[in-house]
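Contents: one structure, followed by commentary.
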């Protein structure tokens with residue numbers, strides 16, 4: 001026979017309380033992660049939208065950029081003081097594919113499945129030329145406008161740019177054979193001379 005100690009029998013044992021500390025830590029990590037992704041995504045979207053050129057921005061067509069449907073260089077936003085920023089976007093339109101004669105036209109093309117490519121946006125641009133640099137303004141490929149070596153036939157060197165729509169005699173004073181290239185919007189005039197060999 002078994003002898004039991006005197007006294008009450010112990011009741012059923014309570015399981016130990018589970019700590020919820022781990023649950024709160026995991027929840028905090030998830031919340032912080034979601035917030036970081038949201039903030040990072042917002043910053044990334046802002047940087048991407050800041051990089052998309054719009055009216056007033058200067059652009060570079062310097063190769064090798066990603067090409068569009070016509071296999072021409074795509075423009076990238078650039079500092080207007082840079083010699084690589086060969087054009088400035090004056091206007092942009094999604095409904096009017098025409099520009100005045102004084103402007104260079106760049107058209108964004110889009111293609112939907114099963115349909116031919118169509119114009120989705122038109123830029124009217126003026127050259128953005130930097131003093132003492134050379135350019136080939138009649139180049140058909142916009143990526144070839146800047147002549148960094150000043151060696152291509154037909155290239156012109158910029159003597160001076162004037163923030164006015166007409167030349168007040170400054171170009172002729174700089175060089176008797178200087179050509180002028182003027183625009184009304186934005187008001188600017190370039191004094192140009194052929195590159196001498």
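Tell me, what is a quarter of the convex hull surface for the C-alpha atoms of the stretch 127-197, in nm² with one decimal?
4.7 nm²
Between residue 166 and residue 54, what is 0.36 nm times their sequence separation minus the Cα-Cα distance? Round to one decimal in nm.
Stretched out fully, the residue 166 to residue 54 stretch lengthens by 37.7 nm.
Looking at the stretch 58-194 from every direction and averaging, what is the projected area of its Cα convex hull in nm²?
Computing the convex hull of the Cα atoms and averaging its projections yields 8.8 nm².
With the crude spin-label approximation of a point 7 Å out along Cα→Cβ, what separation in nm comes out for residue 108 versus residue 174?
Each label point lies 7 Å from its Cα, and together they span 3.4 nm.
What's the extension gain from residue 184 to residue 141 if we count 0.36 nm per residue and subtract their Cα-Cα distance? Before the final figure, lay out each step's value.
Numbers: separation 43, 0.36 × 43 = 15.48 nm, distance 2.43 nm.
This chain segment gains 13.0 nm when fully extended.
Quick one: which of 183-193, 120-130, 164-174 comes out on top by average Cβ neighbours within 10 Å, and what's the full order, highest first? Each step should come with its number before you reach the end.
Values: 183-193: 17.6, 120-130: 19.8, 164-174: 13.5.
Highest to lowest by the protection proxy: 120-130, 183-193, 164-174.
For each of 141, 147, count neighbouring Cβ atoms within 10 Å of the residue's Cβ, then give the residues from fewest to most.
In order of increasing Cβ crowding within 10 Å: 141, 147.
Distance in nm between label sites at residue 32 and residue 96, each 7 Å beyond Cα in the beta-carbon direction?
Computed distance between label sites residue 32 and residue 96 equals 5.4 nm.
Every read-out reported here was derived from the displayed coordinates using simple, explicitly stated rules and does not represent laboratory data. Keep in mind the model is a prediction, meaning the values are calculated, not measured. Ideal geometry is used to build each Cβ from the backbone, glycine not excepted, and the neighbour counts take in all protein chains shown.
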